[in-house]
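Peer 1: One structure is given below, represented as structure tokens, and several questions about it will come after.
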Amino acid sequence: MASKESPSVPITPLLKDELDIVIPTIRNLDFLEMWRPFFQPYHLIIVQDGDPSKTINVPEGFDYELYNRNDINRILGPKANCISFKDSACRCFGYMVSKKKYIYTIDDDCFVAKDPSGKEINALEQHIKNLLCPATPFFFNTLYDPYREGADFVRGYPFSLREGAPTAVSHGLWLNIPDYDAPTQLVKPRERNERYVDAVLTIPKGTLFPMCGMNLGFNRELIGPAMYFGLMGDGQPIGRYDDMWAGWCVKVICDHLGLGVKTGLPYIWHSKASNPFVNLKKEYNGIFWQEEMIPFFQAVVLPKECSTVQKCYIELSKQVREKLGKIDPYFNKLADAMVTWIEAWDELNPSGAANGTAKGK
């Protein structure tokens, strides 16, 4: 039997030099104190929203870079208009300036959760495990993740598909405050998610999902250029659809390129419910438009020539203009911003794997 390592031997954190943590914020980052045991070895990219003259305090001991609106304007020039203002969608600027293979993004009102045994959950470590392990988008395994210890492929699972597909996205969940829309918040103001489900599953090919950006990991090399959180927030007719828009785009492109998306573990503790009346004002148009947006994404077909994420995304922008532009002029503006985003991405990431040109099987 192999001997266990002595507790005194330091263990190098997984992907220490290959992962950036991206945090959008308008306030001091005191919440990082709780995450210190898990986050301190990693590099943080903080995207400051709102007033750039405000000083954001970051606890001592963290390795970070901080960008405010002035920095975004300086770095992107005229293309800075594709980055949302006064909205957490500004976080995607952090994805663009990162030079790492992996990204983990978390909101500043998310704290460390505990599993049913009372142990603190290292959410980052679980996301990394999800991303480093294959996904199974082409055939559903009823024991969920077949690569997990204590599980395997069930009887009847095709042997030709057991190698799996590269995992591009790891979508984590939340205890306490659920990620509800404003109407649901209003009718269930006291509802809390207390159910911990010990499972990770691959979202099947052809199935969309509502992606939440508050606890999310992804492989930047595989899918980074599609992780654009759209034009939301200040000056736009819609808000709180930024992460879901990115999720729909990402899922369509992952399906096309043969990449996987996982959801489930890890959980974080979502501490603060946002104001449902403010949310309703932001979501109002989206509640109507999603009934057209979702069928649009369900019907999207990308041509075979779209062999990279960038090519897929530019094609998607054309279809957004053609099909969704009829709903509201906003979608023409969004289609323009999608193109600008890719141009800016390619300027900051001119070549190689960091350009998001990796292709799945």
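Peer 1: Determine which member of the set 241, 180 is without any contact (Cβ under 8 Å) to a residue 24 or more places away in the chain and under 24 Å from residue 284 (Cα atoms). It would help to see each step written out before you state the result.
Peer 2: Values: 241 fails: without any contact (Cβ under 8 Å) to a residue 24 or more places away in the chain.
Just one listed residue meets the conditions, 180.
Peer 1: I'm told residue 321 meets every condition in (1) of a type in the set (Lys, Arg); (2) touching a helix residue (DSSP H, G or I) at 6+ places or on another chain (Cβ under 7 Å); (3) more than 30 Å from residue 73 (Cα to Cα); (4) without any contact (Cβ under 8 Å) to a residue 40 or more places away in the chain except one. Can you identify the failing condition by its number?
Peer 2: Single failed check for residue 321: (3).
Peer 1: I'm trying to understand the selection: among the residues of region 205-219, which are outside any strand (DSSP E or B), in contact (Cβ under 8 Å) with a residue 40 or more places away in the chain and within 26 Å of residue 125 (Cα to Cα)?
Peer 2: Those that are outside any strand (DSSP E or B), in contact (Cβ under 8 Å) with a residue 40 or more places away in the chain and within 26 Å of residue 125 (Cα to Cα): 205, 208, 209, 211, 212, 213, 214.
Here is a yes/no grid of residues against (1) open to solvent by 60 Å² or more (accessible area, probe 1.4 Å); (2) in contact with a Phe, Trp or Tyr (Cβ under 6 Å, 6 or more places away or on another chain); (3) on the phi > 0 side of the Ramachandran plot:
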site	(1), (2), (3)
289	no, no, no
293	no, no, no
296	no, no, no
299	yes, no, no
304	yes, no, no
310	no, no, no
319	no, no, no
337	no, no, no
341	no, yes, no
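Each row is one residue, and each column tells you yes or no for (1) in a loop (DSSP other than H, G, I, E, B); (2) touching a His at 6+ places or on another chain (Cβ under 9 Å); (3) crowded, with 18+ Cβ neighbours inside 10 Å.
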residue: 124; (1), (2), (3): no, no, yes
residue: 143; (1), (2), (3): yes, no, no
residue: 155; (1), (2), (3): yes, no, no
residue: 175; (1), (2), (3): no, yes, yes
residue: 186; (1), (2), (3): no, no, no
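Peer 1: Out of region 324-340, which residues are of a type in the set (Gly, Ala, Ser) and over 20 Å from residue 298 (Cα atoms)?
Peer 2: 337
Peer 1: While we're on this one: Go through region 53-93 residue by residue and tally those that are under 20 Å from the mean Cα position of the chain (by Cα), aromatic (Phe, Trp, Tyr) and farther than 19 Å from residue 242 by Cβ.
Peer 2: Residues meeting the conditions: 1.
Peer 1: Filtering region 38-75 down to residues that are among the aliphatic types (A, V, I, L, M) and closer than 30 Å to residue 122 by Cβ, which residue is surrounded by the most Cβ atoms within 10 Å (Cβ to Cβ)?
Peer 2: 47
Peer 1: Name the single residue, out of those in region 188-204 being more than 22 Å from residue 124 (Cβ to Cβ) and of a type outside the set (Lys, Arg), that is surrounded by the most Cβ atoms within 10 Å (Cβ to Cβ).
Peer 2: Ranking the qualifying residues of region 188-204, first place goes to 204.
Peer 1: Return the only residue of 72, 103 being of a type in the set (Val, Ile, Thr) and more than 28 Å from residue 263 (Cα to Cα).
Peer 2: Every option except 72 fails the conditions.
Peer 1: Would you point out which residue out of 314, 223, 287, 294 is over 30 Å from residue 148 (Cβ atoms), in contact with a Leu (Cβ under 7 Å, 6 or more places away or on another chain) and touching a residue at least 24 places away in the same chain (Cβ under 8 Å)? Quick ask: steps written out before the conclusion?
Peer 2: On the way: 314 fails: in contact with a Leu (Cβ under 7 Å, 6 or more places away or on another chain); 223 fails: over 30 Å from residue 148 (Cβ atoms); 287 fails: in contact with a Leu (Cβ under 7 Å, 6 or more places away or on another chain).
Of the residues listed, the single one that is over 30 Å from residue 148 (Cβ atoms), in contact with a Leu (Cβ under 7 Å, 6 or more places away or on another chain) and touching a residue at least 24 places away in the same chain (Cβ under 8 Å) is 294.
Peer 1: State which residue pairs qualify: first residue more than 21 Å from residue 19 (Cβ to Cβ) and among the β-branched types (Val, Ile, Thr) and inside region 48-71, second residue open to solvent by less than 50 Å² (accessible area, probe 1.4 Å) and outside any loop (DSSP other than H, G, I, E, B) in any location, beta carbons under 9 Å apart, and separation of 6 or more residues or different chains.
Peer 2: Partner pairs satisfying both residue conditions: 56/25; 56/46; 56/48.
The values are calculated or read from the model by the stated rules, or taken from the named source; none is laboratory data. Quick caveat: nothing in here was measured; it's all calculated off a predicted structure. Ideal geometry is used to build each Cβ from the backbone, glycine not excepted, and the neighbour counts take in all protein chains shown. The accessibility values were calculated without ligands, DNA or RNA, using every heavy atom of the protein model including side chains. Shrake-Rupley method; radii C 1.70, N 1.55, O 1.52, S 1.80 Å.
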